[in-house]
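Encoded as structure tokens, the structure appears first; notes follow it.
The values are calculated or read from the model by the stated rules, or taken from the named source; none is laboratory data. Nothing here was measured: the structure is a model prediction, and the numbers come from that model. Here Cβ is always computed from backbone atoms with ideal geometry, including for glycine, and neighbour counts include all displayed protein chains. Keep in mind that these areas ignore ligands, DNA and RNA; they rest on the heavy atoms of the full protein, side chains included. Shrake-Rupley method; radii C 1.70, N 1.55, O 1.52, S 1.80 Å.
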Amino acid sequence: MIIAIDGPSGAGKSTLGKMLAKKLNLLYLDTGAMYRAVGLAVLESGVGFEDKAKVAEIAENAKIELIGEPDSLQIYLNGRDVTREIRTNEVGQAASIVSTISEVRRILVEHQRTIGTSAPNGCVLDGRDIGTVVFPKADVKFFLTAVPEARARRRYEEDLARGLDTTYEKTFAEIKERDERDVSRADSPLSIAEDAVVIDTSELSLSEVFERMSEIVRETEKERCETS
Ligand code: DC
């Protein structure tokens, strides 16, 4: 079972992806965390983002590991725990920039396919291109979205809870900037797969969205049983 969850930043993909993975006993793969790890590696290397060949080399050599249960997932970069470090807005912007480089995408997509297909029961992946590029034949595809104000509000509250020094206005501006880059890049821009179920989470509670998603997964499982 491969479940793809795509959508813009702050739409609730990771929270809901983790909940689904836990409920269905599937592996959870946060693909954004992989782009963030590469972004952090580039920032630390001192290499300029415009040097695409060097950035791709960093991506190729980076050992990125996601370890643990969905709720307590830890991200390691070359053996170092970077779980907290990759959540800053600076690293988010760096991730968004490195994700425009085709060679970086090729490397990470290959890694994501390997992890997804080798998970014993299946995998829930969240990102921007899961249903369109990484697993175009995913069993279930969701596209979660919400108005930018609602997404910025959620991200801002998460950042505050993490102890980051930020403001709502700053978060809103960053979300808009990231949206713009994610939808306009030439390679695998954020787009809705034809067969994705679109859910606007702006006015829905977490449990309402979770119920809807669970119901759709249940229906798919039923259909699969009936046809096999
Ligand atoms: O989901 P996130 O905010 O952690 O993702 C960080 C950046 O990585 C995001 O701005 C776009 C990029 N990304 C991507 O291009 N493709 C993915 N599958 C996941 C993330």
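According to the Cα-based calculation, Rg over Rh for the chain is 0.95, with Rh computed by the Kirkwood formula. Round to a whole number: what % of the accessible area of the chain belongs to carbon and sulfur, probe 1.4 Å? Within the chain, the accessible surface is 51 percent carbon and sulfur. A 1.4 Å probe run over the range 169-221, with the rest of the protein chains in place, finds 59 Å² accessible per residue. With q set to 0.09 Å⁻¹, the log10 of I(q)/I(0) for the range 102-227, from the Debye formula over equal scatterers at the Cα positions, is -0.33. Charged side chains reduced to their Cβ positions (Lys and Arg at +1, Asp and Glu at -1) give the chain a dipole of some 300 debye around its Cα centre. For the chain, the mean residue ellipticity at 222 nm estimated from helices alone is -16500 deg cm²/dmol, where every DSSP H run of n ≥ 4 contributes -39500 (n - 2.57) and the total is divided by all residues, rounded to the nearest 500.
Taking every protein chain into account, the accessible area of the range 1-159 amounts to 41 square angstrom per residue (probe 1.4 Å). Taking every DSSP bridge with both residues inside the chain, close to 25 percent are antiparallel.
Across the range 100-106, rounded Karplus estimates of 3J(HN,Hα) from the backbone phi angles (6.51 cos²θ - 1.76 cosθ + 1.60, θ = phi - 60°) give 8, 8, 4, 5, 5, 4, 4 Hz, Gly and Pro being marked x.
Size check on the range 29-149: the Cα extents along the three principal axes, sorted descending, read 40, 31, 30 Å. Using the charge dipole of the range 1-100 (Lys, Arg: +1 at Cβ; Asp, Glu: -1 at Cβ; taken about the Cα centre), state which of G48, S99, P8 has its Cα farthest towards the positive end. Sorting the options by dipole projection puts first P8.
Evaluated at q = 0.12, 0.17, 0.20, 0.28 Å⁻¹, a Debye calculation over the C-alpha positions of the range 3-54 (equal weights, vacuum) places log10 I(q)/I(0) at -0.40, -0.65, -0.76, -1.06.
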